[in-house]
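Here the structure comes first, spelled out in structure tokens, and everything after it is commentary.
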Amino acid sequence: MGEQPIFSTRAHVFQIDPTTKKNWVPTSKHAVTVSYFYDNTRNVYRIISLDGSKAIINSTITPNMTFTKTSQKFGQWPDSRANTVYGLGFASEHHLTKFSEKFQEFKDAARIAKEKMQEKMELTSTPSQESAGGDLQSPLTPESINGTDDERSIQDVAQDSDARAEINQSSLPFTHSTTIGKHWESELATLKTNNAKLTAALLESTANVKQWKQQLTAYQDEAERLHKRVSELECLSGQANVLKTHKTELNRTIEELEAQMKDKEEEIERLKKDIEGAKQLEAQRDTLSQQLQVSVTVAPPPFRFLGHSCVTSL
């Protein structure tokens with residue numbers, strides 16, 4: 001199956017300043033995915049994080065590593081192979097605790113895997129042979145099985161083993177040197193087998209990298225599409241806010257017009273009452289006018305004085 005992710009979280013990634021060895025230098029502009037990977041072909045645990053297409057963490061977990069919590073949301077661990085110290089800033093203390101627990105768990109698993117590898121190598125290795133020139137020891141160690149750099153160390157070990165075998169064969173009796181030669185041929189065959197396995201694992205890891213790059217490209221395309229969608233929604237939201245403001249203004253204008261209309265209606269009612277009152281006054285005036293005319297018509301003629309007598313004119 002090759003190398004597979006077994007736990008992932010998100011955090012801000014930092015590295016120690018290589019110059020001062022004191023200050024932290026951010027290697028990611030924002031929180032990125034940090035994952036634990038397990039390679040079942042080599043029993044290796046790694047911490048990997050990508051920022052775009054750039055690997056900002058590629059740390060193989062060894063039994064000697066220690067993850068230290070320096071605050072409620074920050075933790076760090078040294079990597080002697082990368083000659084640096086990695087730091088992670090988490091969103092909460094819970095995420096930091098979970099990552100620390102996984103680190104300890106996979107560190108213990110790496111230690112157990114190393115111990116089993118040592119036991120296996122001790123069982124498959126031939127005990128040291130004594131000769132006139134000195135002691136011979138099997139040069140194969142568990143550390144020689146760990147990636148492409150170690151493949152070269154395996155080949156160096158094989159060459160060194162062959163050289164030692166030739167020296168000792170020249171100083172031992174023929175029968176004894178034949179036994180040693182068979183032993184080293186077996187060792188060489190084992191090294192070649194391990195080398196073939198490591199090459200296959202490397203090819204599988206390369207294929208996995210290509211697959212990750214394809215997935216990363218797909219994720220980037222999806223993120224771009226979502227970003228455009230968010231921009232469109234933000235634009236629509238802005239237009240909706242403008243329409244909402246315009247609607248509010250229209251509602252306010254309508255309320256003002258309704259208030260003015262109500263005032264006009266009240267004024268019309270008042271004018272109607274005034275007109276009605278004027279009509280009543282006009283009717284009263286006409287009535288009084290008629291009464292006045294009647295009273296003038298039936299009134300007696302005025303008196304005229306003639307001398308000392310009062311004569312009424314007809």
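The values are calculated or read from the model by the stated rules, or taken from the named source; none is laboratory data. It should be emphasised that the depicted structure is a prediction, and the values quoted were computed from it without experimental measurement. Please note: Cβ atoms are built from the backbone with ideal geometry, for glycine as well, and neighbour counts cover all protein chains shown. Ligands, DNA and RNA are excluded from the accessible area calculation, which covers all protein heavy atoms including side chains. Shrake-Rupley method; radii C 1.70, N 1.55, O 1.52, S 1.80 Å.
Right, P26: under 23 Å from K120 (Cβ atoms), open to solvent by 30 Å² or more (accessible area, probe 1.4 Å) and not hydroxyl-bearing (S, T, Y) or not? Give the derivation first.
Values: under 23 Å from K120 (Cβ atoms): no; open to solvent by 30 Å² or more (accessible area, probe 1.4 Å): yes; not hydroxyl-bearing (S, T, Y): yes.
Considered against the rule, which asks whether it is under 23 Å from K120 (Cβ atoms), open to solvent by 30 Å² or more (accessible area, probe 1.4 Å) and not hydroxyl-bearing (S, T, Y), P26 comes out as no.
Listed residues I16, I112; which is touching a strand residue (DSSP E or B) at 6+ places or on another chain (Cβ under 6 Å) and at negative phi? Walk me through how you get there before you give the answer.
Values: I112 fails: touching a strand residue (DSSP E or B) at 6+ places or on another chain (Cβ under 6 Å).
The match here is I16.
Has the range 70-85 got any residue that is surrounded by fewer than 19 Cβ atoms within 10 Å (Cβ to Cβ), modelled with pLDDT under 95, of a type in the set (A, V, I, L, M, F, W, C) and part of a loop (DSSP other than H, G, I, E, B)?
yes
Would you say S205 is within 30 Å of I48 (Cα to Cα), surrounded by 10 or more Cβ atoms within 10 Å (Cβ to Cβ) and of a type in the set (G, A, S)? Quick ask: steps written out before the conclusion?
Values: within 30 Å of I48 (Cα to Cα): yes; surrounded by 10 or more Cβ atoms within 10 Å (Cβ to Cβ): yes; of a type in the set (G, A, S): yes.
For S205, the condition - within 30 Å of I48 (Cα to Cα), surrounded by 10 or more Cβ atoms within 10 Å (Cβ to Cβ) and of a type in the set (G, A, S) - is met.
If S49 satisfies all but one of (1) of a type outside the set (A, V, I, L, M); (2) touching a Ser or Thr at 6+ places or on another chain (Cβ under 9 Å); (3) touching a residue at least 60 places away in the same chain (Cβ under 8 Å), what's the number of the condition it fails?
(3)
Of all residues in the range 6-21, how many are open to solvent by less than 80 Å² (accessible area, probe 1.4 Å) and either closer than 17 Å to P78 by Cβ or of a type in the set (G, A, S) (or both)?
Residues meeting the conditions: 8.
Let me confirm something: among S8, S28, S35, S53, which residue is touching a Pro at 6+ places or on another chain (Cβ under 8 Å) and within 18 Å of Q220 (Cβ to Cβ)? Explain how you work it out, then say what you get.
Working: S8 fails: touching a Pro at 6+ places or on another chain (Cβ under 8 Å); S28 fails: touching a Pro at 6+ places or on another chain (Cβ under 8 Å); S53 fails: touching a Pro at 6+ places or on another chain (Cβ under 8 Å).
Being touching a Pro at 6+ places or on another chain (Cβ under 8 Å) and within 18 Å of Q220 (Cβ to Cβ) holds for just one of S8, S28, S35, S53, which is S35.
Scan the range 188-207 and give yes if some residue there is within 50 Å of the chain's Cα centre (by Cα), at pLDDT 50 or above and farther than 30 Å from E115 by Cβ, otherwise no.
Narrowing the range 188-207 to residues within 50 Å of the chain's Cα centre (by Cα): 188-207.
Checking the rest, the ones that are also at pLDDT 50 or above come to 188-207.
Now restrict to residues that are farther than 30 Å from E115 by Cβ: 207.
Within the range 188-207, one or more residues are within 50 Å of the chain's Cα centre (by Cα), at pLDDT 50 or above and farther than 30 Å from E115 by Cβ.
Can you confirm whether T41 is within 23 Å of S92 (Cα to Cα), in a loop (DSSP other than H, G, I, E, B) and not hydrophobic (A, V, I, L, M, F, W, C)?
Numbers: within 23 Å of S92 (Cα to Cα): no; in a loop (DSSP other than H, G, I, E, B): yes; not hydrophobic (A, V, I, L, M, F, W, C): yes.
Against the criterion (within 23 Å of S92 (Cα to Cα), in a loop (DSSP other than H, G, I, E, B) and not hydrophobic (A, V, I, L, M, F, W, C)), T41 does not qualify.
Considering (1) open to solvent by 50 Å² or more (accessible area, probe 1.4 Å); (2) under 29 Å from Q220 (Cβ atoms), say which one T66 fails and leave the rest.
Here T66 clears every test but (2).
Within the range 1-38, how many residues turn out to be among the aliphatic types (A, V, I, L, M), in a strand (DSSP E or B) and in contact (Cβ under 8 Å) with a residue 24 or more places away in the chain? Break it down into steps so the answer makes sense when it comes.
Of the range 1-38, the ones among the aliphatic types (A, V, I, L, M) are 1, 6, 11, 13, 16, 25, 31-32, 34.
Now narrow it down to the ones that are in a strand (DSSP E or B): 6, 11, 13, 16, 25, 32, 34.
Subset that is in contact (Cβ under 8 Å) with a residue 24 or more places away in the chain: 6, 11, 13, 16, 32, 34.
Result for the range 1-38: 6.
Counting only residues that are touching a strand residue (DSSP E or B) at 6+ places or on another chain (Cβ under 8 Å) and either surrounded by 14 or more Cβ atoms within 10 Å (Cβ to Cβ) or without any contact (Cβ under 8 Å) to a residue 40 or more places away in the chain (or both), how many does the range 86-96 have? Don't jump to the end; show me each part of the working.
At the first step, the residues of the range 86-96 found to be touching a strand residue (DSSP E or B) at 6+ places or on another chain (Cβ under 8 Å) are 86-91, 95-96.
Right, trim to either surrounded by 14 or more Cβ atoms within 10 Å (Cβ to Cβ) or without any contact (Cβ under 8 Å) to a residue 40 or more places away in the chain (or both) and you get 86-90, 95-96.
Of the residues in the range 86-96, 7 are touching a strand residue (DSSP E or B) at 6+ places or on another chain (Cβ under 8 Å) and either surrounded by 14 or more Cβ atoms within 10 Å (Cβ to Cβ) or without any contact (Cβ under 8 Å) to a residue 40 or more places away in the chain (or both).
Condition check: outside any helix (DSSP H, G or I) and modelled with pLDDT of 75 or more. Does Q104 satisfy that? Give the derivation first.
On the way: outside any helix (DSSP H, G or I): no; modelled with pLDDT of 75 or more: yes.
So Q104 does not fit the description; no.
Identify, please: which residue in the range 52-63 is without any contact (Cβ under 8 Å) to a residue 60 or more places away in the chain and not in a strand (DSSP E or B) and is, among those, surrounded by the most Cβ atoms within 10 Å (Cβ to Cβ)?
Pass one, the range 52-63, residues without any contact (Cβ under 8 Å) to a residue 60 or more places away in the chain: 54-59, 61-63.
Subsequent filtering for residues that are not in a strand (DSSP E or B) retains 61-63.
Numbers: I61: 24, T62: 17, P63: 13.
Looking at the filtered set, the residue picked out is I61.
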